[in-house]
Each structure stands twice: as structure tokens, then as C-alpha cells.
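What follows is a short report on a single structure.
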Amino acid sequence: MSDFKVPAQKKKSAMNKEAPDDGLELSQGVTLLNLSTESGFYADWKQTYHVDTEQAILNPYPTDTIMPSITRLISTLCARLRLSHTIEFSAIDTLEQFVLKVIAGERGASAGESYLRHMPLYAVSVVNIVSKYFDAHIKLDWNGIQRIFAKYNPGMTWSNRRVMELEFEVLKKLNHKIHHSLLLGAVERFAKDHVLTVGVVRKDHFGKVGVKLLRVVYAHKHFIYKSLRPRVSSEDMFVRFKSNKLILAAAIVMATLRLCGINQQQVVDRVADTLSNECFVEAMNIIFLRDAILNVFN
């Protein structure tokens with residue numbers, strides 16, 4: 001098993017098996033997601049999420065199939081280098097945005113595939129950039145990184161100069177913008193405001209489970225949303241639903257509660273209702289998404 005090799009095509013486990021392509025017609029007996037009030041936030045801290053949703057709608061998710069590799073690369077690096085989860089998930093978002101820029105550029109969609117061969121080096125470059133952005137005093141263990149590459153990718157050409165060249169390339173492509181993890185931020189805020197205040201679960205336990213679940217969601221978002229596609233009446237509405245990180249964060253919080261063993265219906269209903277008010281979406285939509293996440297996690 002390799003943490004750093006990007007396979008041409010991974011075999012799908014039972015968890016990741018794709019269902020037949022879903023059409024736009026609703027299947028009989030399927031409960032329709034009610035998204036009529038979705039994306040109604042425009043003020044305060046949620047404004048950033050509204051802008052992010054509108055920007056994401058413009059992209060047809062061309063990175064879905066490579067997110068497992070990107071997530072595995074960044075998470076493994078950050079774990080071995082003992083970097084914070086803020087750096088980890090922000091680096092994942094930053095690397096994904098870089099790939100989006102490459103695909104959208106003049107080289108076309110095929111360029112994204114060619115970049116996969118060098119993704120481990122880009123991952124190191126992005127982690128170094130994001131680390132210095134959040135803490136200028138952080139110094140990565142380059143000898144340790146070289147040992148990792150020697151073990152997992154012995155054929156990978158490595159040099160400090162090459163990494164610096166890639167850092168410049170990444171920053172130039174992203175117009176020197178580092179992407180904070182909005183998903184992590186929303187999960188933390190929702191957990192603090194609507195779960196930890198209830199006192200039903202310890203902060204450290206919720207945090208450990210939540211981080212593991214975040215990695216699963218980052219890696220397998222395609223499969224999570226694919227299972228919900230038949231519940232949405234139109235492609236436009238589905239794209240808007242999938243692009244909304246606030247709703248996804250709320251579902252992650254609900255899923256983390258379940259994995260922490262919190263099944264009291266009164267607590268679940270209370271948290272779901274408050275999160276639905278935060279996201280301006282029906283509570284049942286969050287529950288549907290929660291269940292889709294748990295189906296992938298289990």
C-alpha cells in the first residue's frame with residue numbers, strides 16, 4: 001500500500017461502488033429534497049459561504065475523481081509532519097483550486113491528468129506554502145520528506161530547488177491566494193455553538209471523530225452526493241445543493257454526533273433544527289445528507 005502513489009484507476013470497494021448513472025427523472029417512492037429556502041444567507045460571517053457557493057456553481061466538479069488521491073497525499077504529509085488540521089484541510093482546498101485552475105487553463109482538461117504524475121511534489125509544495133502562510137515560523141522537515149519519498153516513491157525526482165519552482169508555479173496560478181478551509185471552519189463553528197454547549201459529548205472526542213469524518217467527506221464527496229441525486233428534481237438545484245459548504249458542514253456535525261453515540265432523539269432534533277435555521281434549509285435535507293455521509297463512512 002502506498003500513501004503517495006497516484007493510481008491510474010483504483011478498484012472500487014463495496015463502499016465506493018457507483019450506482020448506475022442517475023437520470024433527471026425522479027424514481028418512484030423517492031423522497032424529494034425540499035431546497036426551496038436554500039442559500040438564503042447574505043449577512044455576517046455567512047456572506048463568505050454565499051460567495052463560495054456561487055463560485056462553486058460555476059465549476060462542474062472536474063476534481064471529484066482525484067479528490068481521494070489529493071486528500072490522502074495531504075493528510076498523510078500533515079500527519080507525518082505533525083501539522084495542524086487547519087493547515088491540512090486548507091492545503092487540500094488550495095491544491096484542489098490549483099488543479100481547477102490548470103483544468104480551466106489553456107491546456108484543457110487533459111492537463112489535469114498529466115499533473116497527477118507529479119501530484120506528490122505539488123502536495124509538498126502546497127503544504128509548505130500553506131504552513132508558512134498560517135505560521136511563518138514553521139520549518140518543514142525536508143530530510144523527513146525525502147525519506148518518505150524514498151520509501152513510497154523511489155523513482156520520484158526530488159530536490160529543494162524543484163519544490164521551490166513548483167511553489168512559484170502554484171502561487172502564480174492561484175494569484176497568490178491561499179484557500180482557507182471553509183468546510184472546517186463551519187464544522188468548528190456549528191459544533192461549538194450547537195453541540196458542545198449542549199454538553200452531550202466531550203470536545204476532544206467530538207474533535208477526533210469529526211476530523212476523521214472530514215477526511216472521508218473530502219475524499220468521497222462524489223459518492224456521497226451521487227446517492228442523493230435522485231432526490232433532487234433538477235440538475236441546477238442539485239449543483240446548488242452540492243456547492244453549499246454550510247449544508248455539508250451541518251450534515252458532518254450531525255454525522256459526527258451519530259458516530260459519537262449520541263442517539264437521543266430530543267438532542268438530535270434540537271441540533272438539526274438549529275442547524276437548519278443556520279443554513280436556511282429544511283432540517284430533513286441535512287438528515288438526508290448526514291445519512292449519505294454515514295453510508296460512505298461505514
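Just so it is clear, none of the values below were taken in a lab; they were calculated from the coordinates. Predicted, not measured: the structure shown is a model, and the values here were computed from it. So basically every Cβ, Gly included, is an ideal-geometry build from the backbone, and we count neighbours across all protein chains shown.
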Phe168 and Ser233 label points (each 7 Å along its Cα→Cβ direction) are spaced in nm at 5.5
Ranked packing of 80-93, 248-261, most packed first, by mean Cβ within 10 Å
248-261, 80-93
At Val198 and Ile138, where each label point lies 7 Å from the Cα along Cα→Cβ, what is the point-to-point distance in nanometres?
3.2
Hey, with R₀ at 41 Å, roughly what FRET efficiency would Phe280 and Trp158 work out to, going by the Cβ-Cβ distance, to 0.05?
0.30
First select every other residue whose beta carbon is under 11 angstrom from the beta carbon of His180; then total the charges, Lys and Arg +1, Asp and Glu -1.
-1
Taking a 23 Å limit on the Cα-Cα distance, which of the listed pairs Lys132/Lys192; Lys101/Lys212; Lys132/Lys177; Lys101/Lys139; Lys139/Lys245; Lys192/Lys212 fall beyond it?
Lys132/Lys192; Lys101/Lys212; Lys101/Lys139; Lys139/Lys245
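Sort 234-245, 169-180, 122-133 by packing, meaning the average of other beta carbons within 10 Å per residue, with the highest value first.
Ranked from most to least packed, the peptides come out as 122-133, 234-245, 169-180.
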Packing-based ranking, highest mean first, of 65-72, 138-145 given that Cβ atoms within 10 Å are counted
65-72, 138-145
